[in-house]
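The values are calculated or read from the model by the stated rules, or taken from the named source; none is laboratory data. It should be emphasised that the depicted structure is a prediction, and the values quoted were computed from it without experimental measurement. Here Cβ is always computed from backbone atoms with ideal geometry, including for glycine, and neighbour counts include all displayed protein chains.
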Amino acid sequence: MNARAVVLTVVGGGLALVVLGLAVRADAIDLAVYRGGAEVVRSGGHLYRGPVWNGLLFTYPPFSALLFTPLAVMSGTAAKVLAVVGNGALLVFVVRRSWLSLGVRAIAPVVGVVAALLLTETVHASVYVGQINLLLVALVLGDLTGRDGVWWRGVGVGLAAGLKLTPLIFIGYLLVVRRFREAAVAATTAAGTVILGFIVLPLDSADYWFGGMFADTGRIYADLTSPHNQSIRGLLLRGGFPPWVWAVAAVVVCAATLVVATQLTRRGDRLLAITVVGLGAAAISPWSWGHHWVWVAPLVVVVADRLWHRRFWWCVPAVLVLGTLPLVLALADPPDGSGPAVVTGLLQFVVGNLYLLVFLAVLAVSARDQPPVGTTIGVTS
């Protein structure tokens, strides 16, 4: 390991530990909702018929509540430490697996990217509020970049879809790239999580799936036009467009995403293909918080690798990703109760939709890019 790699590892590792240490003291709102839902399950209450914690509703499938049940039997502090440590480990796994898929085995690039990602709003928020987004990315990425030919390929995608609905797009991706057996495994696994929910929580499952609660975004946030909604639907609603426009736009964007991902897969650029699909899922979702865009994690690895190989057109998404620091995004989308947006007009539009702009830039660049040959960044360090 050379001197630069040592410095990057030490500085990056120290920064990551500081950020994760501070996260233990944060107000992990989403983790509290998970624990509240788990407590309702343990007590035999109705999961979707009222708030589960501090006026907030449980919005995930019943299978998720079953997974969260252990959180209800530990103290709040223990649950928070577990969530922070777990998210930290998941972030390392995602970045490490991303670099490995590009042929890079050194530690320094992993530590450097992990530290940088902890400063972005999407990863920072996921860790601080105790979200499960990094788990979803890890399940999908670990599944689809793992060893080929194994019978369980697709299980990770199915489990992720069972926990949260947005990863269902990866089943579509597996179908369009003609990996039919893996798509079948993923679909069967996802269906299994639904069946398990009906077996253990039949009334709650009926409420969620037959009562339409799985599609009720009003349960997530009352104001559907809020800038907190970093999806195409949020953008269109803020622009005053009728709901059907989003339906058409979502279909078009989903199709474009799968077409580009298919092209990338055929030319052997598997990591970028998976990343494009993940970003596309956040874009077409009816509601996407900033922390839903954690597919920025493997994207940063891709961008770093491309720029190392002097593919300078990747500077566009790189600059846009740099704009997703919490203090920058807060200029157009301040936290609730902290006052109006600081920037207005065109600048507010750009800053307030940076995640969508990142996605569109990646989609455009990916359509014309070719994967680098002979990745060497950090291999010998």
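Filter the range 343-378 down to the residues that are hydrophobic (A, V, I, L, M, F, W, C), surrounded by fewer than 14 Cβ atoms within 10 Å (Cβ to Cβ) and modelled with pLDDT under 90 and list them by number.
Passing the criteria: A367, V373.
Take residues that are under 19 Å from the mean Cα position of the chain (by Cα) and farther than 23 Å from G13 by Cβ and tell me which of the helices (runs of 4 or more DSSP H) falling wholly in the range 51-132 contain 3 or more.
Qualifying helices (runs of 4 or more DSSP H): 62-68.
Quick one: which of V176, V150, V155 is surrounded by fewer than 21 Cβ atoms within 10 Å (Cβ to Cβ) and without any contact (Cβ under 8 Å) to a residue 24 or more places away in the chain?
V150
Any residue in the range 274-297 that is outside any helix (DSSP H, G or I) sitting within a Cβ distance under 7 Å of a residue that is among the basic types (K, R)? List the pairs, counting only those 6 or more apart or interchain.
So the pair list comes out as P286/R233.
Looking at this structure, is A38 surrounded by 15 or more Cβ atoms within 10 Å (Cβ to Cβ), of a type in the set (A, V, I, L, M, F, W, C), touching a Ser or Thr at 6+ places or on another chain (Cβ under 7 Å) and assigned to a helix (DSSP H, G or I)?
In short, yes.
Assuming R181 fulfils every condition listed in (1) at pLDDT 95 or above; (2) in contact with a helix residue (DSSP H, G or I) (Cβ under 8 Å, 6 or more places away or on another chain) apart from one, which condition is it?
Unmet condition: (2).
Name the one entry in T193, T122 that is more than 19 Å from F68 (Cβ to Cβ), surrounded by 18 or more Cβ atoms within 10 Å (Cβ to Cβ) and of a type in the set (S, T, N, Q).
T122
The conditions are (1) surrounded by fewer than 21 Cβ atoms within 10 Å (Cβ to Cβ); (2) within 25 Å of T59 (Cα to Cα), and R181 fails exactly one of them. Which is it?
R181 satisfies every listed condition except (2).
Could you list, in sequence order, all residues of the range 147-176 that are aliphatic (A, V, I, L, M) and in a loop (DSSP other than H, G, I, E, B)?
Matches in the range 147-176: V150, L165.
Could you grab me the full set of residues in the range 199-214 that are assigned to a helix (DSSP H, G or I) and in contact (Cβ under 8 Å) with a residue 12 or more places away in the chain?
V200, L203, D204, S205, D207, Y208, W209, M213, F214 - these are the residues of the range 199-214 that are assigned to a helix (DSSP H, G or I) and in contact (Cβ under 8 Å) with a residue 12 or more places away in the chain.
Answer with yes or no whether V19 is part of a helix (DSSP H, G or I), closer than 18 Å to Y128 by Cα, at pLDDT 95 or above and β-branched (V, I, T).
Here the answer is no, as V19 does not meet what is asked.
Test of understanding: among G45, G14, which residue is assigned to a helix (DSSP H, G or I) and modelled with pLDDT of 90 or more?
Result of the check over G45, G14: G14.
Taking the condition out of contact with any Lys or Arg (no Cβ under 9 Å at 6 or more places or on another chain), within 27 Å of L196 (Cα to Cα), at pLDDT 90 or above and surrounded by 13 or more Cβ atoms within 10 Å (Cβ to Cβ), does V33 pass?
Here the answer is yes, as V33 does meet what is asked.
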